[in-house]
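The values are calculated or read from the model by the stated rules, or taken from the named source; none is laboratory data. Keep in mind the model is a prediction, meaning the values are calculated, not measured. Glycine also receives a Cβ, built like all others from the backbone with ideal geometry; neighbour counts cover every protein chain displayed. Surface accessibility is based on the protein's heavy atoms, side chains included, excluding ligands, DNA and RNA. Shrake-Rupley method; radii C 1.70, N 1.55, O 1.52, S 1.80 Å.
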Amino acid sequence: MSHTNQYTQKLHPGSPFPDIQVNLADGSTRHLAQANNAGRWQLVLIYRGRHCPLCTRYLNKLEQFKEQLADIKVDIVAVSGDSLAQLQSHSEQLNVSFELGYGLRLADMKTLGLFISDPRSAQETDHPFAEPGLFVVNEAGNIQVTDISNNPFVRPDLTSLVNGLGWIRDPDNNYPIRGMHNTNFT
């Protein structure tokens, strides 16, 4: 069995989020690892693109949690590999007020450890695209939460995610970054 597609790598919890900059729909640029203000966290959502109706639904549902996330000091940015024209077309189906980025490069998708798919046809899209990924980056720029999928059907439940982030952000809970098993532990 050939394993020629083994390009993915894991980004480890607690490690610095890669310094990736994306273009936003308003013409500005954004560093994905940095929240808008000091002391805030950043929810980075990677979505497949305009061609994906499940992404459209997920982005629109995420908008319903924007205020709750803002209350716990978590900003949102969503980005895909789509072009500006594709994002502008997709925006007609979106009812979101958080930042939308476009033009995520193939190299950046690989750096993030995302699964990458080729379009099934020219009608789907005209470029390879990232499958869904979600990262929560803490105020230090380190990965607090990560979730990646190889298809559009598996994504974090937003109610559970937002409630969990609220619990994690509460200093009384003293909740550490999970998934950082120390191999020296005996």
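Provide the solvent-accessible area of GLU139, counting protein heavy atoms only and rolling a 1.4 Å probe, rounded to the nearest 10 Å².
Roughly 110 Å² of GLU139 is accessible to a 1.4 Å probe.
Rounded to a whole number, what % of the accessible area of the range 1-157 do carbon and sulfur atoms account for, probe 1.4 Å?
Working: 3700 of 7910 Å².
Heavy-atom surface of the range 1-157 belonging to carbon and sulfur, 1.4 Å probe: 47 percent.
Evaluate the relative contact order of the chain (contact order divided by residue number), counting alpha-carbon pairs under 8 angstrom at least 6 apart; express in whole percent.
On the way: 334 pairs, mean separation 51.1, N = 186.
With pairs under 8 Å counted, the relative contact order is 27 percent.
Over the chain, with the other protein chains present, what is the accessible area per residue in square angstrom, probe 1.4 angstrom?
55 Å²
What size of dipole, in debye to the nearest 20, comes out for the chain about its Cα centre when the only charges are +1 on Lys and Arg C-beta atoms and -1 on Asp and Glu C-beta atoms? Each step should come with its number before you reach the end.
Values: 15 positive and 19 negative charges, 64 e Å.
Its charge dipole is roughly 300 debye.
If I stretch the segment between ASN142 and ASP157 completely, what's the gain in nm (0.36 nm per residue apart, minus their alpha carbon distance), one decimal?
Fully extending the segment from ASN142 to ASP157 adds 3.2 nm.
Taking the Cα centre of the range 1-89 as origin, sum charge times position over the Cβ atoms of Lys and Arg (+1) and Asp and Glu (-1), and report the length of that vector in debye to the nearest 20.
220 debye
Once a ≥ b ≥ c are taken as the square roots of the eigenvalues of the Cα gyration tensor of the range 101-186, is the result rounded (a/c under 1.5), prolate (a/b larger than b/c) or oblate (a/b not larger than b/c)?
Because a/c hits 1.5 or more and a/b exceeds b/c, the range 101-186 counts as prolate.
Grab the Cα-Cα distance for ASN150 and ASN174, subtract it from 0.36 nm times how many residues apart they are, and report the gain in nm with one decimal.
The span from ASN150 to ASN174 would gain 5.4 nm if fully extended.
Identify, among PRO176, ALA25, LEU59, the residue whose Cα sits farthest towards the positive end of the charge dipole of the chain, taking +1 on the Cβ of Lys and Arg and -1 on the Cβ of Asp and Glu, with the dipole about the Cα centre.
PRO176
Express the relative contact order of the range 1-102 as a whole percentage, based on alpha carbon pairs under 8 Å and six or more residues apart in sequence.
Numbers: 126 pairs, mean separation 30.3, N = 102.
That works out to 30 percent.
Taking a ≥ b ≥ c as the square roots of the Cα gyration tensor eigenvalues, with a/c under 1.5 meaning rounded and otherwise prolate when a/b beats b/c, else oblate, which class fits the range 1-92?
oblate
The list (i) 30, 18, 14; (ii) 74, 15, 13; (iii) 26, 21, 15 gives values of semi-axes √(5λ) of the Cα gyration tensor in Å, and only one came from this structure; which label was calculated from it?
Checking each listed value against the structure points to (iii).
List the lysines whose Cα lies under 22 Å from the Cα of LYS73, skipping any in the same chain that are fewer than 8 positions away.
Counting by Cα, and skipping residues close in sequence, LYS73 has these lysines nearby: LYS61.
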